[in-house]
Amino acid sequence: MVLLISKRLSFSITIKRYVSSKPWSYEQANAWIESFNKQKIPKEHTTVTFSRSSGPGGQNVNKVNTKVDLRLSLSKATWIPEYARDALRSLPHVKKSKDDEVIITSDKTRSQSKNVQDCYDKLVTTIKQAVAVPKEPDEATLRRVKQL
């Protein structure tokens, strides 16, 4: 059972809070994943910091803060289903902080703005991976497996 609570804020944005620790059905998760993009991430739940990058780049590396750290507070991210927040906490390849934040880092390019976009793209991919639910096998597949 999924309980959907909507909160109307003063600046006309509705934040939907999903209260359910049980994973959604394949269809529900797939529909959420299809509609989710980086514009749906509330900016007040993220923190972006900049620092000097490492690696090649000559003097540019020593002068310009192009490395980006994007942090998403999972305790504030009620717009992500609860089972997906738990999955984000347990994914081994995702960096996490003690303050219940997911940390995404990018220093791929020499441009700060491109690295910010890369961080948001990585965050969207990671959230979609956590929300994804495997499809249940159909009746024909189950019958074939029983015959083996």
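Among the listed pairs K98/K135; K40/K114; K43/K98; K38/K67; K122/K146; K43/K96, those whose Cα-Cα separation exceeds 29 Å are K98/K135; K122/K146. For segment 119-144 versus segment 81-98, the spacing of their alpha-carbon centroids is 16 Å. Here the peptides 65-72, 39-46 are ranked by packing, the mean other Cβ count within 10 Å, and the order with the highest first is 65-72, 39-46.
Counting only Cα atoms, segment 53-148 measures 67, 30, 19 Å along its principal axes, largest extent leading. Label positions at K43 and D100, each projected 7 Å from the Cα along the C-beta direction, are separated by 2.5 nm.
The gain in end-to-end length when the V145 to Y26 segment is fully stretched comes to 40.7 nm, 0.36 nm per residue minus the alpha carbon separation. Report the paramagnetic label zone for I33: residues of segment 114-133 whose backbone N is under 15 Å from a point 7 Å from Cα along the Cα-to-Cβ axis. Only 124-133 fall inside the zone, counting backbone N under 15 Å. Near V68, once Lys and Arg are set to +1 and Asp and Glu to -1 for all other residues with Cβ below 11 Å from its Cβ, the sum equals +2.
Judged by the mean number of other Cβ atoms found within 10 Å, the most tightly packed of the peptides 90-99, 105-114 leads the ranking 105-114, 90-99. Once you sort the root eigenvalues of the Cα gyration tensor of segment 46-96 as a ≥ b ≥ c, which label holds: rounded (a/c under 1.5), prolate (a/b larger than b/c) or oblate (the other case)? In terms of gyration-tensor shape, prolate.
Read-outs: derived from the displayed coordinates by stated rules, not from any lab. These numbers were taken from a predicted model, which means no experiment stands behind them. Note that each Cβ is placed from the backbone with ideal geometry, even for glycine, and that neighbours are counted across all protein chains shown.
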